[in-house]
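Nothing in this text is a laboratory measurement; each read-out follows from the coordinates by a stated rule. Just so it is clear, the structure is predicted and the values come from calculations on it, not from any experiment. All Cβ positions, glycine included, derive from the backbone under ideal geometry; neighbour counts span all protein chains shown.
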């Protein structure tokens with residue numbers, strides 16, 4: 001079985017899901033990864049072999065590897081409609097993995113004609129079935145890796161993902177990182193953790209955190225398996241509201257609190273999960289209520305990027321750090337949050353990768 005695969009390079013989330021799925025595939029299968037940007041960065045750090053450098057969001061670059069796509073038995077993509085449609089055009093069988101099916105504004109945001117369309121469950125995902133009408137929908141649980149219990153260390157994990165997308169400019173990413181460093185400088189001024197790890201794309205992070213004044217803090221980039229291990233052994237996760245790391249934390253029993261969203265999907269995720277994930281009300285703070293009704297992703301992302309600048313200007317007057325400081329100081333509050341979050345993932349299931357691999361194997 002020859003599988004060619006990719007993940008849209010929009011932060012680390014799609015690549016993280018893809019690496020989890022690839023780790024479940026039979027070792028006898030021939031797996032090749034098209035990768036660029038954050039997908040390439042995470043694949044390299046995770047020592048993934050069989051990689052072809054290709055910007056799979058560019059049809060011109062996809063044409064360069066047309067023969068690889070045509071010769072594959074299956075093209076597997078995580079949330080990249082550009083590569084999905086191109087694979088179909090050249091006659092490749094297509095499997096699409098989509099964790100944001102619930103939020104798409106129209107069928108143009110994805111590729112509903114995939115031979116296998118895997119929908120990661122999230123509240124109200126079913127409401128888009130009749131509107132988007134995927135040809136072969138397969139709802140699956142959370143796409144997370146193994147989550148065996150491990151000994152907890154006196155450590156805090158801050159996860160900010162790849163911090164890259166095709167819409168955000170470098171200065172907008174820097175603004176976001178600066179906001180995060182200022183929030184944490186207030187929230188963690190008197191922390192008692194042995195170590196704090198800030199994980200993500202190190203270039204913008206190191207610049208932002210250089211003078212934040214939090215002791216025992218390190219900025220680093222970890223491979224996918226190291227992130228999972230560090231997450232499982234940490235006392236608390238502070239993260240931008242992406243689904244991949246959030247679901248990983250839920251499954252491992254590590255309590256989660258949400259930092260400001262990086263993009264539109266994260267704004268919606270933080271709003272939907274506010275009852276179980278402690279977080280300031282970013283929608284209310286940014287007067288972004290109209291976005292909850294649904295808008296095209298590009299428009300939503302631009303609004304959230306503008307929100308970062310506005311948030312930076314008034315951050316000192318908002319006392320946002322109190323949400324995080326209370327979890328840092330109170331083990332009972334952390335345990336209560338973790339309990340609610342584990343109940344949530346128990347309801348949606350935590351074996352999405354196994355379900356995807358099982359269906360692909362059955363159809364191979």
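Report, to one decimal in Å, the Kirkwood hydrodynamic radius for segment 303-345 based on all distinct Cα pairs. Don't skip to the end; give the middle numbers.
Values: mean 1/r = 0.0794 Å⁻¹.
Computed over Cα pairs of segment 303-345, the Kirkwood hydrodynamic radius comes out at 12.6 Å.
Using the alpha-carbon centroid of each, what span in Å lies between segment 116-151 and segment 193-237?
29 Å
What angle, in degrees between 0 and 90 and rounded to the nearest 10, separates the Cα long axis of helix 13-22 from the longest principal axis of the Cα atoms of the chain?
50 degrees
Provide the packing ranking of 94-106, 258-270, 121-133, 277-289, i.e. peptides ordered by the mean count of other C-beta atoms within 10 Å per residue, highest first. All intermediate terms of the calculation are to be shown ahead of the outcome.
Numbers: 94-106: 22.7, 258-270: 25.2, 121-133: 14.4, 277-289: 17.2.
Packing proxy ranking, top to bottom: 258-270, 94-106, 277-289, 121-133.
Just to be sure I understand the curve: with the Debye formula and one point per C-alpha of the chain, what is log10 I(q)/I(0) at q = 0.09, 0.13 Å⁻¹?
Here log10 of I(q) over I(0) equals -0.47, -1.02.
Over segment 50-108, what lengths in whole Å, largest first, do the semi-axes of the equivalent ellipsoid take, defined as the square roots of 5 times the eigenvalues of the alpha-carbon gyration tensor?
Values: eigenvalues 86, 29, 24 Å².
Semi-axis lengths for segment 50-108 are 21, 12, 11 Å.
Which value in deg cm²/dmol, rounded to the nearest 500, describes the helix-derived mean residue ellipticity at 222 nm for the chain, given -39,500 (n - 2.57) per DSSP H run of n ≥ 4 and division by the residue count? Write out the running numbers ahead of the final one.
Values: 16 runs with 159 residues, N = 364.
Helix contribution divided over all residues of the chain: -13000 deg cm²/dmol.
Considering only DSSP beta bridges with both partners in the chain, what is the antiparallel share in %, to the nearest 5? Show your work: numbers first, answer last.
Values: 0 of 40 bridges.
That works out to approximately 0 percent antiparallel.
Hey, how many Å between the Cα centroid of segment 10-67 and the Cα centroid of segment 292-331?
Between the Cα centres of segment 10-67 and segment 292-331 lies a distance of 31 Å.
What is the distance, in nm, between label points placed 7 Å from the Cα along the Cα-to-Cβ direction at residue 289 and at residue 335?
Result for the modelled spin labels: 3.9 nm.
Assuming R0 = 25 Å, can you tell me the calculated FRET efficiency for the pair residue 318 and residue 167, based on Cβ-Cβ distance, to the nearest 0.05?
Working: r = 25 Å, r/R0 = 1.01.
So, using R0 = 25 Å, E works out to roughly 0.50.
Using a basic spin-label model with each label point 7 Å from the Cα along Cα→Cβ, how many nm lie between residue 310 and residue 106?
2.6 nm
For a quick check, take a GNM of the chain with Cα springs below 10 Å and name the residue from 313, 232, 87 with the largest mean-square fluctuation.
Answer for the Gaussian network model of the chain: 313.
Angle, helix 170-187 long axis vs. longest principal axis of the chain, Cα atoms, 0 to 90°, nearest 10?
40 degrees
Compute the long axis of helix 331-348 from its Cα atoms, compare it with the longest principal axis of the Cα atoms of the chain, and write down the angle in degrees, 0 to 90, nearest 10.
Compared with the principal axis, the helix lies near 20 degrees.
What percentages, rounded to whole numbers, describe P(r) for segment 144-272 computed over all alpha carbon pairs with 10 Å bin width beginning at zero?
Values per bin, smallest distances first: 13, 46, 35, 6, 0.
Spin-label point model (7 Å from Cα, Cβ direction): what's the residue 129 to residue 343 distance in nm?
In this crude spin-label approximation the distance works out to 2.6 nm.
What number in nm² do you get for segment 220-294 if you take the convex hull of its Cα atoms and divide its surface by four? Don't jump to the answer; show the numbers that get you there.
Numbers: hull surface 21.3 nm².
Directional mean of the projected Cα hull area for segment 220-294 stands at 5.3 nm².
In the calculated pair distance distribution of segment 1-128, what percentage of Cα-Cα distances lie above 20 Å? Don't skip to the end; give the middle numbers.
Working: 3155 of 8128 pairs.
I get 39 percent for the Cα pairs in segment 1-128 exceeding 20 Å.
Along each principal axis of its Cα atoms, how long is segment 99-203 end to end? Whole angstroms, biggest number first, please.
Principal-axis extents of segment 99-203 (Cα, largest first): 53, 40, 22 Å.
Hey, if you drop one equal point scatterer on each alpha-carbon of segment 198-345 and run the Debye formula without solvent, what base-10 log of I(q)/I(0) do you get at q = 0.12 Å⁻¹?
Taking Cα atoms of segment 198-345 as identical point scatterers yields -0.53.
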